[in-house]
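The values are calculated or read from the model by the stated rules, or taken from the named source; none is laboratory data. This is a predicted model, so every value here is computed, not measured. Cβ placement follows ideal geometry from the backbone for every residue including glycine, while neighbour counts extend to all protein chains displayed. When the accessible area is computed, the model is the full protein with side chains, heavy atoms only, and any ligands, DNA or RNA have been set aside. Shrake-Rupley method; radii C 1.70, N 1.55, O 1.52, S 1.80 Å.
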Amino acid sequence: MKKSFWFLIAMGLTAAYGSTPQHQNDLLKKVGFTQNLDAQIPLNVSFRDEAGRTVPLSAYFGKKPVLLSLVYFQCPMLCTEVLNGTVRTLRTMSLKVGRDFNIVTVSFDSRETPKMATAKKAIYLDRYGRPGAEAGWAFLTGTDPSIQALADAVGFHFAYDKEIDQFAHASGIIILTPEGRISHYFYGVEYPVEDVRLSLIEASHGKIGSPVDQLLLYCYHYDPTTGRYGLAIMRVLRIAGLATLSLLVAFVITMLRRERDHRLSMGKA
């Protein structure tokens with residue numbers, strides 16, 4: 001937790017200095033999720049796999065449900081937390097990647113390469129740590145038309161800020177049926193194990209879930225002109241603040257007890 005906290009703060013503090021609050025607000029109006037439950041994703045659209053081969057999305061569908069995540073591999077903030085949260089859920093789930101369901105992680109930055117996808121895949125396969133996952137978890141890159149076609153189908157809206165060379169986007173994962181229909185949405189960076197497990201089981205039988213509340217975390221940079229962090233940063237800051245407060249309270253209690261014990265020992269002497 002401490003490592004993630006300081007990483008996010010460091011990246012936030014080094015972001016661009018020229019962006020205005022109005023510019024940020026205009027950009028954030030363009031991002032979010034539209035819940036297109038039961039919509040069919042375009043399985044004929046092609047992407048590049050980790051080896052650089054052109055592969056249609058249909059290659060990852062047909063027999064198992066699919067967990068889909070849209071991120072970009074060089075994201076300095078929230079995308080890493082989306083993937084970390086996914087792995088935390090997977091590690092405690094009885095269902096296994098590659099055996100019971102597949103994962104497709106797609107970069108929505110068309111400048112990213114199969115080499116980047118390979119590096120990112122190696123990190124998360126290692127963290128997942130279960131055999132057989134390599135064949136069931138794909139990290140894909142693609143062209144702008146392919147990315148936009150998939151993003152439109154699942155209702156994922158993002159925006160590029162050329163001033164700081166970053167994307168504004170919301171966070172979450174999507175569960176798809178083996179046929180490629182949208183079954184469930186999960187928002188944020190923490191995904192309840194039992195809920196995800198049940199959604200995968202339902203999706204495997206072609207069932208479509210219900211709309212969920214849009215409590216979204218947005219990934220965007222620190223603005224020194226207003227002294228504010230994006231919503232994703234604020235969440236981490238609050239958690240870290242509570243942790244720091246707890247440590248301070250524990251320290252004060254410990255010091256008071258030591259002083260009391262010292263006085264008692266002096267009194268006995």
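How many residues are outside any strand (DSSP E or B), at pLDDT 90 or above and open to solvent by less than 50 Å² (accessible area, probe 1.4 Å) if we restrict to the range 162-190?
3
I want to confirm something. Restricting to the range 195-205 and keeping residues that are within 18 Å of the chain's Cα centre (by Cα) and open to solvent by 30 Å² or more (accessible area, probe 1.4 Å), which single residue is modelled with the highest pLDDT?
Checking each candidate, the answer is R197.
Which one of these does L57 not meet: (1) modelled with pLDDT of 95 or more; (2) under 19 Å from the mean Cα position of the chain (by Cα); (3) open to solvent by less than 10 Å² (accessible area, probe 1.4 Å)?
Checking L57 against (1) modelled with pLDDT of 95 or more; (2) under 19 Å from the mean Cα position of the chain (by Cα); (3) open to solvent by less than 10 Å² (accessible area, probe 1.4 Å), the one that fails is (2).
Please tell me if A159 is open to solvent by less than 60 Å² (accessible area, probe 1.4 Å), modelled with pLDDT of 95 or more and more than 15 Å from the chain's Cα centre (by Cα).
For A159, the condition - open to solvent by less than 60 Å² (accessible area, probe 1.4 Å), modelled with pLDDT of 95 or more and more than 15 Å from the chain's Cα centre (by Cα) - is not met.
Just give me the residues in the range 121-152 being among the small types (G, A, S) and either assigned to a helix (DSSP H, G or I) or more than 19 Å from P65 (Cα to Cα) (or both), in sequence order.
A122, G129, A135, G136, G142, S146, A149, A151
Considering only the range 50-116, give the strands (runs of 3 or more DSSP E) lying wholly within it that have at least 2 residues that are more than 25 Å from G209 (Cα to Cα).
54-56
Go over the candidates L90, L68 one by one and state the one that is in contact (Cβ under 8 Å) with a residue 60 or more places away in the chain, open to solvent by less than 40 Å² (accessible area, probe 1.4 Å) and within 15 Å of the chain's Cα centre (by Cα).
L68
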